[in-house]
Amino acid sequence: MDHQARKADHIRINLEEAVTFPRLTTGLERYRFVHQGLPELDLAAVDLRSPLLGKVLGVPLLISSMTGGTEQAELINRRLAAGAQARGIAMGLGSQRTGLELAATAESFRVRREAPDILLLANLGAVQLNKGYGVDHCRRAVEMIEADALILHLNPLQEVLQADGDWHWAGLLAKIEEVCRGLGAPVVVKEVGWGISASLARDLAAAGVAAIDVAGAGGTSWSEVEYHRAPTERLRRLARTFADWGIPTAESLTTVGAALPHLPRIASGGIRDGIDVAKCLALGASAAGLASPFLKAAVQSVEAVVDTIDALADELRIAMFCAGAGDIAALREPGRLVLANP
């Protein structure tokens, strides 16, 4: 199956099928905020702004990398970008491999006209560095969309569950370091939903990455997505076996933070409401990334994307207000977020 057809399949499956982890959760349910009956705050003055990669987000949200390369994907990306621009949040594009290899599809990724001011992240699969890609390809991906930074995504489990996947992952860390040194733009490394360990985060920081998106387990399970794509019973069984594999989002976020407290972190993987966002910020994230809720909104309209952002922002603001935190720094103060059942 070619890359464009695979991307179209992924959109369809995420919209139509049940693809969440069957049992594994994000771990965020283990935490709760200490309610403040007298918050001594004006709700309207609660400050949601958060810095990330040289820009200040109006709301600490990232539309996580999803799609590109098809006609439907182009419409989705333009709607997402317009919504991000309207509310000052960040956006990542889907893998731009198609755009680099098929020039006719590059337009589906170009959203700067809709979003001239946002933090915009280009995206390539890190494994492509083992298939002939180098710093020049990464630079072309950034230039293609006038991006502020490049995401290199990690998806080894997804690849080995595909009949036509990329199985050669040896030697990639050194190649990621070459990109970090030579690109001339910040590099973000993200998983796609199985989490990043503390030891890997240390290696990536030493290689020069500017931020890590932990993209933990508990939200969309891409092994479940591949289950619905699998052409044979053997591959379906293989995908289903790994349906609950991964490091939960909260665990990945906290262990990476303990190892590298000064490295910016993005929390994604199963974030579904503003309270989840608040918990991730309290645990040290600079922003929280969401994909599925924005995908479902973008197939409707720009207005639906903006409504989704506004709902998340309202929930985040109220959570901060009721926790007695007037800004993100206050939200991180000890005692505001506690273990629900210590």
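Among 43, 204, what is the fewest-to-most ranking by other Cβ atoms within 10 Å?
Working: 43 12, 204 26.
Lowest count first: 43, 204.
Evaluate the relative contact order of the chain (contact order divided by residue number), counting alpha-carbon pairs under 8 angstrom at least 6 apart; express in whole percent.
Working: 730 pairs, mean separation 83.0, N = 342.
Once divided by the residue count of the chain, the mean separation gives 24 percent.
Under 15 Å between alpha carbons, and skipping anything fewer than 8 positions from residue 279 in its own chain: which aspartates and glutamates qualify?
Qualifying aspartates and glutamates at Cα under 15 Å: 29, 251, 314, 315, 327, 333.
What ranking do 56-64, 152-160, 332-340 get when scored by the average of other Cβ atoms within 10 Å per residue, highest first?
Averaged packing, sorted descending, gives the order 56-64, 152-160, 332-340.
Ranking request for peptides 263-271, 242-250, 135-143: highest mean number of other beta-carbon atoms within 10 Å first, then the rest in descending order. Spell out each step's value before the answer.
On the way: 263-271: 27.2, 242-250: 22.3, 135-143: 18.4.
Going from most to least packed, we get 263-271, 242-250, 135-143.
What are the semi-axes of the equivalent ellipsoid for the chain, taken as the square roots of 5 times the Cα gyration tensor eigenvalues, largest first, in whole Å? Before the final figure, lay out the partial values.
Details: eigenvalues 182, 97, 84 Å².
Over the Cα atoms of the chain, the ellipsoid semi-axes are 30, 22, 20 Å.
Once the Cα atoms of the range 211-340 are picked out, what are the Rg and Dmax in Å?
16.9, 54
Amide H to amide H under 5 Å from residue 125: which residues, 5+ apart in sequence or cross-chain, H placed 1.01 Å off N in plane?
When sequence neighbours closer than 5 places are left aside, the close amide H contacts are 96, 97, 153.
Please give me the summed charge of the neighbours of residue 218: other residues whose Cβ is under 14 Å from its Cβ, Lys and Arg +1, Asp and Glu -1. Walk me through the numbers before you get to the answer.
On the way: positive: 23, 30, 272, 279; negative: 29, 191, 224, 244, 251, 273, 276.
Here the charged neighbours net out to -3.
Taking the alpha-carbon distance from residue 296 and a cut-off under 23 Å, which lysines remain once sequence neighbours fewer than 8 residues away in the same chain are dropped?
Output for residue 296: 7, 190.
If you take every residue apart from residue 233 with its C-beta less than 15 Å away from the C-beta of residue 233, what net charge results, scoring Lys and Arg +1 and Asp and Glu -1? Please list the in-between numbers first.
Numbers: positive: 229, 234, 236, 237, 240; negative: 226.
Result for the neighbourhood of residue 233: +4.
Taken together, the values in this text are just the output of simple stated rules run on the coordinates, not laboratory data. The model shown is predicted, which means the values in this text are computed figures rather than measured ones. Heads up, the Cβs are rebuilt from the backbone with ideal geometry, glycines too, and the neighbour counts pull from every protein chain shown.
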